[in-house]
Structure formats: C-alpha cells, structure tokens
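Asks: Here it is, the structure in full.
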Ligand code: SAH
Ligand code: SF4
C-alpha cells in the first residue's frame, strides 16, 4: 500500500469513529509533512462537530514566580538566581480577578511555581474571596499537592485543576524533574479526577530525549485518564536553565500531537498554548485550526508578567482589553467567535 493510501485509510478510520492504536498514532506522527494538513483538517472537523465554532477564553493570573522545584526545562526553577522573583498580594490577585470579570470572561486560572508561602489555608481563603466577589469559575495550576489539600480547594469553591504530566516516560520525567517521580504526578491526577475536579493534563513536545513512541504514550495516557483539558505546547529552551541552547522549532510536530489529542479525546478543552505563539507568529491560529478550542489571555499585571519567564518570548503585548479585542479580530478572520460563558467540557 502506498503511503498516501495508508494515511487516507487511517484518517477514514478516524472519521467513522474507530479508535486509533499506538502504532497508528506513531505512523501519523511520523508521516511525511505533505500529509500533515489532512490530519489537521480531520481534527478541525472533529472539533467543530464535538464543540462547535466558539472559542472559550480563560483569564490567567500568574500570581507567584517563586518555585521550590528544579525542573531542568523551566526558567522559574529554584536554582535560576538571575530571575527577579515576585509574589502578588491577595488584594492584587482579587483586583485582577475583578478585571477578568469586567471583560466578561467567566473563568480564572491561578498559576504559580510550587510556592509554599501560599499555604493551603491561604489558597482556600483566596478561592472563597474570588468566588464571593466575582463568581468566576476557578482553575488552579499550582503543582502537586496532597489529596487532602485538593479536597480543601474543592470545598472552598475551586472547580478545575491543571497539572500536566509533562512526559509519561518515567526515565525522562525523572531526569527533567530532579527529585520527582512520575507515579506521584499520576497519583495526583487520579485523585483530582476522583474528587470531581475538571482535570487538565498535557505535555511538552520537543523535549531532549523524547521519541515519537513517548509522544504516542503521552496521548494514550491523556485518553486513558479521561482528562477534561489538555495543554499541549512546544518545549522552548530558557537560556538560564541546564537545557539552554537546545533547539526546538518543531511547530508542526506540536500541532500533530494536538490534532491527535483532539481525534483521540473528541470533546476535551484544548488550548492554543502561548508557547506555540512564542515559536511561530501564527501559532495560535494554526492550533485553532488543528483541533484547539481554548485561548488563555494573560491578565497578570504588566510589572509582574515580564518576570514570569517560564521560557523566553512568551508575553502578548498590551493591556488585557487590547489583547482580547485583537484576539476577537483574529478569531473572526477564521470564522470563529468567542464564547462568554463557562465552557465546561460537554457533558460535565
Ligand atoms: N508549577 C506548576 C505550574 C506552572 S508551570 C507546574 O509545574 O505544574 C506551567 C507549565 O509550563 C508546565 O506544566 C510546563 O509544561 C510549562 N513549561 C515549563 N517550562 C517550559 C518550557 N521551557 N517550554 C515550554 N513549556 C514550559
Ligand atoms: Fe516550578 Fe512548575 Fe517550573 Fe517546575 S515547571 S520549575 S514546578 S514552575
């Protein structure tokens, strides 16, 4: 069978709703570039069928760039002493959440390094106050915690939790996250699901030592977990980390992983990640046409957001209002609109 026949057959299988196996996923990750567009079109069609044409916006607040971990890939790692560190006060966080509400968004994502300065109690009080004053849906992205902590967050009013698996290769995970274990991360994800959080996971594409087999396993893990949200972005080397200088300009491979995530998981919420935009000026639009349906504008106050440097080149210029009106224009250019309501995973 010729390559084009083989790919056509695989995509047909997808269209009629048959699940792809590991080997087929690897074949689609490996196929020649000429066929990638067919994969993206298939994923885009599934996105439209399962979710529709509306793009869900989530306002993100990066409230602390202190981190007690030393992930090799991340600019916030504890050993990066070149980074100017900041913590937002409770008032600053709540005021920013109010701005998100003013711009009609319905969801706030609170993200930080692993920073024990914000105790479980303090996070719970913040959640309660944000809920009381804004009514926003609250997503946390603050790293690994105990099941009891997750439970407290839930009781205080948090609704969603993002914790990317990063990679499901135990060896690569251990190398990239010194002192951490993949099992523990997966345990956290299972607890979050069991407790009833809308749970997000995901990976980075283009990590050193990563193979297509590992990427296929990442995708199968996302499906098996029955994750509700999937953050899939390219790895971008930060100059002040041990992975400085490692080239990754593989926008297309990232888009293939994203498209396959849509194909495998059907109705999950998949953001067009900022990291894609940092690699390619059209990265966001390309992702939205390859299966993505979510965008997360950054509301972190300007004086802080320049220091939330997980990787270089990550900020959209301008105020949140300006960013959103530019986004709406970009979305219109591809026939898409914004949904100003919570945008749960269908059926949740
Ligand atoms: N500390 C929390 C949340 C903040 S990090 C946590 O680690 O879960 C948020 C995400 O940034 C991580 O999940 C990781 O996938 C991404 N990230 C970190 N360094 C990156 C890099 N160099 N390139 C691309 N994404 C990166
Ligand atoms: Fe800390 Fe998260 Fe960066 Fe790891 S990825 S160093 S846990 S902020």
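Asks: Filter the stretch 168-177 down to the residues that are more than 12 Å from ligand 2 (Cβ to nearest atom) and buried (at least 19 other Cβ atoms within 10 Å of the Cβ) and list them by number. Walk me through how you get there before you give the answer.
Replies: Step one: list which residues in the stretch 168-177 are more than 12 Å from ligand 2 (Cβ to nearest atom), which gives 168-172, 174-175.
Those that are more than 12 Å from ligand 2 (Cβ to nearest atom) and buried (at least 19 other Cβ atoms within 10 Å of the Cβ): 168, 169.
Asks: Might you let me know whether the stretch 142-154 holds any residue that is closer than 24 Å to residue 320 by Cα, at pLDDT 95 or above and within 23 Å of the chain's Cα centre (by Cα)?
Replies: Yes: one or more hits.
Asks: When the stretch 69-82 is examined, which residues are found to be more than 7 Å from ligand 2 (Cβ to nearest atom), within 15 Å of residue 237 (Cα to Cα) and out of contact with any helix residue (DSSP H, G or I) (no Cβ under 8 Å at 6 or more places or on another chain)?
Replies: Of everything in the stretch 69-82, those that are more than 7 Å from ligand 2 (Cβ to nearest atom), within 15 Å of residue 237 (Cα to Cα) and out of contact with any helix residue (DSSP H, G or I) (no Cβ under 8 Å at 6 or more places or on another chain) turn out to be 75, 80.
Asks: One residue is enough: does the stretch 126-145 have a residue meeting the conditions farther than 22 Å from residue 106 by Cα and more than 15 Å from ligand 2 (Cβ to nearest atom)?
Replies: Checking the stretch 126-145: not a single residue is farther than 22 Å from residue 106 by Cα and more than 15 Å from ligand 2 (Cβ to nearest atom).
Asks: Quick one: would you say residue 221 is closer than 25 Å to residue 312 by Cα, within 16 Å of the chain's Cα centre (by Cα) and either surrounded by 18 or more Cβ atoms within 10 Å (Cβ to Cβ) or at pLDDT 95 or above (or both)? Full working, then the answer.
Replies: Values: closer than 25 Å to residue 312 by Cα: no; within 16 Å of the chain's Cα centre (by Cα): yes; either surrounded by 18 or more Cβ atoms within 10 Å (Cβ to Cβ) or at pLDDT 95 or above (or both): yes.
For residue 221, the condition - closer than 25 Å to residue 312 by Cα, within 16 Å of the chain's Cα centre (by Cα) and either surrounded by 18 or more Cβ atoms within 10 Å (Cβ to Cβ) or at pLDDT 95 or above (or both) - is not met.
Asks: Mind listing whichever residues of the stretch 1-37 are buried (at least 16 other Cβ atoms within 10 Å of the Cβ), in contact (Cβ under 8 Å) with a residue 40 or more places away in the chain and assigned to a helix (DSSP H, G or I)?
Replies: 14, 25, 26, 28, 29, 36 - these are the residues of the stretch 1-37 that are buried (at least 16 other Cβ atoms within 10 Å of the Cβ), in contact (Cβ under 8 Å) with a residue 40 or more places away in the chain and assigned to a helix (DSSP H, G or I).
Asks: Follow-up question, since we're still on this one. Please indicate, with yes or no, whether at least one residue in the stretch 317-327 is in contact with a strand residue (DSSP E or B) (Cβ under 8 Å, 6 or more places away or on another chain) and part of a strand (DSSP E or B).
Replies: The answer is no, given that none of the residues of the stretch 317-327 is in contact with a strand residue (DSSP E or B) (Cβ under 8 Å, 6 or more places away or on another chain) and part of a strand (DSSP E or B).
Asks: Here's something else I'd like to know. So for the stretch 150-165 (the condition being within 14 Å of ligand 1 (Cβ to nearest atom), closer than 30 Å to residue 209 by Cβ and out of contact with any helix residue (DSSP H, G or I) (no Cβ under 7 Å at 6 or more places or on another chain)), does at least one residue qualify?
Replies: The answer is yes; a qualifying residue exists.
Asks: Also: Within the stretch 307-330, restricting attention to residues that are within 17 Å of residue 63 (Cα to Cα) and within 16 Å of ligand 2 (Cβ to nearest atom), which residue is surrounded by the fewest Cβ atoms within 10 Å (Cβ to Cβ)?
Replies: If we take residues in the stretch 307-330 being within 17 Å of residue 63 (Cα to Cα) and within 16 Å of ligand 2 (Cβ to nearest atom), then 307 is surrounded by the fewest Cβ atoms within 10 Å (Cβ to Cβ).
Asks: Turning to a different aspect of this structure: Criterion first (within 16 Å of ligand 2 (Cβ to nearest atom) and more than 23 Å from residue 149 (Cα to Cα)) does residue 233 satisfy it?
Replies: Spelling it out, residue 233 is indeed within 16 Å of ligand 2 (Cβ to nearest atom) and more than 23 Å from residue 149 (Cα to Cα).
Asks: Somewhere in the stretch 307-316, is a residue without any contact (Cβ under 8 Å) to a residue 12 or more places away in the chain and in a loop (DSSP other than H, G, I, E, B)?
Replies: Looking for residues that are without any contact (Cβ under 8 Å) to a residue 12 or more places away in the chain and in a loop (DSSP other than H, G, I, E, B), one finds none in the stretch 307-316, hence no.
Asks: Restricting to the stretch 285-297, give me the number of residues that are under 18 Å from residue 98 (Cα atoms) and out of contact with any helix residue (DSSP H, G or I) (no Cβ under 6 Å at 6 or more places or on another chain).
Replies: Within the stretch 285-297, residues that are under 18 Å from residue 98 (Cα atoms) and out of contact with any helix residue (DSSP H, G or I) (no Cβ under 6 Å at 6 or more places or on another chain) number 1.
Asks: Looking at the stretch 178-209 only, could you name the residues that are within 23 Å of residue 245 (Cβ to Cβ) and surrounded by fewer than 21 Cβ atoms within 10 Å (Cβ to Cβ)?
Replies: 178, 208, 209
Asks: Can you pull out every residue in the stretch 57-79 that is under 20 Å from residue 257 (Cβ atoms) and either more than 10 Å from ligand 1 (Cβ to nearest atom) or at pLDDT below 95 (or both)?
Replies: Residues satisfying the conditions do not exist here.
The values are calculated or read from the model by the stated rules, or taken from the named source; none is laboratory data. All figures in this text were calculated on a predicted structure; none of them were measured in a lab. Please note: Cβ atoms are built from the backbone with ideal geometry, for glycine as well, and neighbour counts cover all protein chains shown.
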